[in-house]
Amino acid sequence: MIDLSNETALVTGGTRNIGLSIAKNLKAAGAKVGIIGGSDPEALEKALKTLKGKNSDVMGMLVNVADEKTVVGAYDKIEAGLGPVSILINGAAKRPHEPLKEINRESWNAVLDVILTGAFFTSRELFIRLPRGRRGSIINIGGLSAHRPAKDRAHVISAKAGLVGLTRALAEEGLGRIRVNCIVPGVIDT
């Protein structure tokens, strides 16, 4: 078992499915864990109950990760409550199925904003805030859709492929200080 007792982790998309499972495992390894959900207060409440147990080293909030100011505010709250974030899991995503001819600007932006812009803002904030002398880790949750075709998902495929590119750029920029990886889970029965 990895010992993460001196670490604070932030998991976007942490209120359900893969994100919540990752948050559980980070907590089991001793990390203090902040979770971010997008818009479902019931899912957030349920996730916090699942994670808290006997320990209060967990906090969560609903945040629009595509909004720079709310991401900064979330980091402020997590740092005040749990300490500086050194582990970031970018799992927030929107994955609608829409035929290309039905994808409008609003739908396109909504998907790219959450998956790609959100990962950019949360990652940039970690780069800015990671205390001197500390090492950090960012894990972006990619998708098979970035690597193979899928019908009715042009916006999702584009966003996930962009996440791969962002991961490469951040890995180079963080070299020696912040490790950045993109994992691509297969189909998960949620």
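The values are calculated or read from the model by the stated rules, or taken from the named source; none is laboratory data. Just so it is clear, the model here is predicted, and its values are computed rather than measured. Here the Cβ positions follow ideal geometry from the backbone for every residue, glycine too, while neighbour counts run over all protein chains shown. Heavy atoms of the whole protein, side chains included, go into the accessibility calculation; ligands, DNA and RNA do not. Shrake-Rupley method; radii C 1.70, N 1.55, O 1.52, S 1.80 Å.
Taking segment 32-66 as the region of interest, how many residues are charged (D, E, K, R) and touching a helix residue (DSSP H, G or I) at 6+ places or on another chain (Cβ under 8 Å)? Don't jump to the end; show me each part of the working.
Restricting attention to segment 32-66, the residues satisfying the condition of being charged (D, E, K, R) are 32, 40, 42, 45-46, 49, 52, 54, 57.
Of the ones still in play, those that are also touching a helix residue (DSSP H, G or I) at 6+ places or on another chain (Cβ under 8 Å) are 32, 57.
So the count comes out to 2.
Only one of F127, F121 is within 20 Å of M61 (Cα to Cα), touching an Asp or Glu at 6+ places or on another chain (Cβ under 8 Å) and in a helix (DSSP H, G or I). Can you tell me which? Working first, answer last.
Numbers: F127 fails: within 20 Å of M61 (Cα to Cα).
Exactly one of F127, F121 is within 20 Å of M61 (Cα to Cα), touching an Asp or Glu at 6+ places or on another chain (Cβ under 8 Å) and in a helix (DSSP H, G or I), namely F121.
Against the conditions (1) at pLDDT below 95; (2) under 22 Å from R177 (Cα atoms), where does H97 fall short? Just the number, please.
Only one criterion is unmet by H97, namely (2).
Out of all the residues in segment 156-182, which are under 15 Å from I141 (Cβ atoms), part of a helix (DSSP H, G or I) and among the polar types (S, T, N, Q)?
Residue satisfying the conditions is T167 alone.
Of the residues in segment 120-132, how many are in contact (Cβ under 8 Å) with a residue 40 or more places away in the chain and open to solvent by less than 80 Å² (accessible area, probe 1.4 Å)? Working first, answer last.
Filtering segment 120-132 for residues in contact (Cβ under 8 Å) with a residue 40 or more places away in the chain gives 120-123, 125-127, 129-131.
Still in the list and also open to solvent by less than 80 Å² (accessible area, probe 1.4 Å): 121-123, 125-127, 129-131.
Number of matching residues: 9.
Any residue that is in contact (Cβ under 8 Å) with a residue 24 or more places away in the chain and within 18 Å of T8 (Cα to Cα) - is there at least one of those in segment 109-119?
Yes, segment 109-119 contains at least one residue that is in contact (Cβ under 8 Å) with a residue 24 or more places away in the chain and within 18 Å of T8 (Cα to Cα).
So R153 clears everything in (1) among the charged types (D, E, K, R); (2) out of contact with any His (no Cβ under 7 Å at 6 or more places or on another chain); (3) open to solvent by less than 80 Å² (accessible area, probe 1.4 Å) except one condition, right? Which one?
(2)
For (1) among the hydrophobic types (A, V, I, L, M, F, W, C); (2) modelled with pLDDT of 95 or more, each residue gets a yes or a no:
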site	(1), (2)
A9	yes, yes
G34	no, yes
G37	no, yes
D57	no, no
V71	yes, yes
Y75	no, yes
